[in-house]
1. Check region 283-297 and report whether any residue there is at pLDDT below 80, crowded, with 23+ Cβ neighbours inside 10 Å and of a type outside the set (Gly, Ala, Ser).
2. What is the residue count in region 128-151 for residues that are of a type in the set (Phe, Trp, Tyr) and surrounded by 13 or more Cβ atoms within 10 Å (Cβ to Cβ)?
3. Just to be sure, is residue 117 closer than 30 Å to residue 271 by Cα, hydroxyl-bearing (Ser, Thr, Tyr), buried (at least 16 other Cβ atoms within 10 Å of the Cβ) and over 19 Å from the mean Cα position of the chain (by Cα)?
4. Only one of 102, 152, 127 is touching a Leu at 6+ places or on another chain (Cβ under 8 Å), among the aromatic types (Phe, Trp, Tyr) and in a helix (DSSP H, G or I); which?
5. For region 65-85, how many residues are of a type outside the set (Gly, Ala, Ser) and in a strand (DSSP E or B)?
6. Scan (1) part of a helix (DSSP H, G or I); (2) crowded, with 22+ Cβ neighbours inside 10 Å for the single condition residue 254 breaks and write down its number.
7. Quick one: which residue in 241, 223 is modelled with pLDDT of 70 or more, more than 30 Å from residue 163 (Cα to Cα) and surrounded by 15 or more Cβ atoms within 10 Å (Cβ to Cβ)?
8. Somewhere in region 184-192, is a residue of a type outside the set (S, T, N, Q) and farther than 19 Å from residue 228 by Cβ?
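The values are calculated or read from the model by the stated rules, or taken from the named source; none is laboratory data. In this text, all values refer to a predicted model and were calculated from it rather than measured experimentally. Every residue, glycine as well, gets a Cβ built from its backbone with ideal geometry; the counts of neighbours run over all protein chains shown.
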Amino acid sequence: MARYVLRRALQSLYAVLMLLLIVFAMTRLTGDPTNQYLPLSASPQARADFAALHGFNDPYYVQFIHYVSDLAHGDFGQSLFKQRPAMEVALEAFPITLTLAFFTMSIALVLSIVLGSLAAMRPNGLFDRMISPLTIFTASAPTFWVALVAIFVFAMMLGWVPTSGMGTPVHWILPVCVLVLTPLGVLTQVVRSSMVSSLSAPYAKTALAKGASDARVVFVHALRNSLLPLITIAGVQATGLVNGAVVIETIFGFPGIGKVMIDSIRDRDFSLTIACILLAAVVVYAMNVAIDIMYARLDPRVQIGGEARR
C-alpha cells in the first residue's frame, strides 16, 4: 500500500509540474500586466521599475525557474491585485468551492442510488421510461446554459431565489441545483445499469426465493455489488465538480476558487492564477489517489503496488 501511494504521489508531482509549465506559459501569453496596474500617465521609467521589481522583464524561462524555486521554498508569490500572498487568497476562497462540491455530490449520490435502483427494479417499466430520458438530458446539458435558463426562470421571472451572491442559505439553492444535474444524470444511469445486472444474478434470485423483500434485495444485496462502478464514476464526477464550479461561481457570483481564478486571469494576476490552479490540481490528484485506494479495498482482485490483495 505504501509503495502504491508513493508511486502515485510521484506521478502526481510530475503531472503538477507539467501543469505549472503549461499554465505559466499560457498566463504570459495574455500580455504584460504592467499596463494593467499602472496608469496611462506613468513614465517609461516607472514602467521599467515596476517590471524589474516583479521580474516581468526577465526571459520567460528565467521567470519560470525563479517561480519553481520560490515554490520549493513555500513562497507562492504575491497577488498584485490584492496585495496579499497569493496562496493565502486561494486558501480563503477554496472552502467555499469545497462546500459547494460537497453538498452537490452528496445530493447526487443519494438521489442517483434511489432513482437508479427504482428504475432497475422494473426495467423498461413506466418509471424507467420516465427517468432514463431525463437523466440523459441532465447529463448532457451544458452547465452554463442551464444556469442562465435557471436564473431567467426562477430568479427573474418567478422571483423565488436571488440571482447571485451567497449571503443566505437561499442563495445556495440555485447553484447547487444547477451543478447537481450532470453528476445526478450520469450516476443514475450507472446505478441503473449496475443494478439491472446485479438483480439478474443468481444470488439475487435466491434471496427472493427465500422470502427476502424486494427492497432488501435491491438496497442490501444488489446495491453492495453495484458500488464499485458507482465509486469509480462518482470519483470522476467529484473531481469534475471542482472544475465545473468555475462556471457556476462566475455566473452566480460565488467568491470561491473558480471566481477568484477567473478574476485573476482578467487582471493578469499571474501568481494568484497559478496558486488557484495549483491548489485545485493538488486536491484533484489527492482525490484520485483516495478513490484508487478505496476501490482496491472494496475489490480484492485489484492489485496495489504489484501485489494482489488477499
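1. Taking every residue of region 283-297 in turn, none turns out to be at pLDDT below 80, crowded, with 23+ Cβ neighbours inside 10 Å and of a type outside the set (Gly, Ala, Ser).
2. Keep residues of region 128-151 that are of a type in the set (Phe, Trp, Tyr), which gives 137, 144-145.
Retained after the next criterion (residues that are surrounded by 13 or more Cβ atoms within 10 Å (Cβ to Cβ)): 144.
Of the residues in that region, 1 qualify.
3. On the way: closer than 30 Å to residue 271 by Cα: no; hydroxyl-bearing (Ser, Thr, Tyr): yes; buried (at least 16 other Cβ atoms within 10 Å of the Cβ): yes; over 19 Å from the mean Cα position of the chain (by Cα): yes.
For residue 117, the condition - closer than 30 Å to residue 271 by Cα, hydroxyl-bearing (Ser, Thr, Tyr), buried (at least 16 other Cβ atoms within 10 Å of the Cβ) and over 19 Å from the mean Cα position of the chain (by Cα) - is not met.
4. Numbers: 102 fails: touching a Leu at 6+ places or on another chain (Cβ under 8 Å); 152 fails: touching a Leu at 6+ places or on another chain (Cβ under 8 Å).
Of the residues listed, the single one that is touching a Leu at 6+ places or on another chain (Cβ under 8 Å), among the aromatic types (Phe, Trp, Tyr) and in a helix (DSSP H, G or I) is 127.
5. Looking only at region 65-85, we keep the residues that are of a type outside the set (Gly, Ala, Ser), and these are 65-68, 70-71, 73, 75-76, 78, 80-85.
From the residues that got through so far, the ones that are in a strand (DSSP E or B) too are 78, 84-85.
Within region 65-85, residues that are of a type outside the set (Gly, Ala, Ser) and in a strand (DSSP E or B) number 3.
6. (1)
7. Details: 241 fails: more than 30 Å from residue 163 (Cα to Cα).
It is 223.
8. Step one: list which residues in region 184-192 are of a type outside the set (S, T, N, Q), which gives 184-187, 190-192.
From the residues that got through so far, the ones that are farther than 19 Å from residue 228 by Cβ too are 184-185.
So far as region 184-192 goes, yes, one or more of its residues are of a type outside the set (S, T, N, Q) and farther than 19 Å from residue 228 by Cβ.
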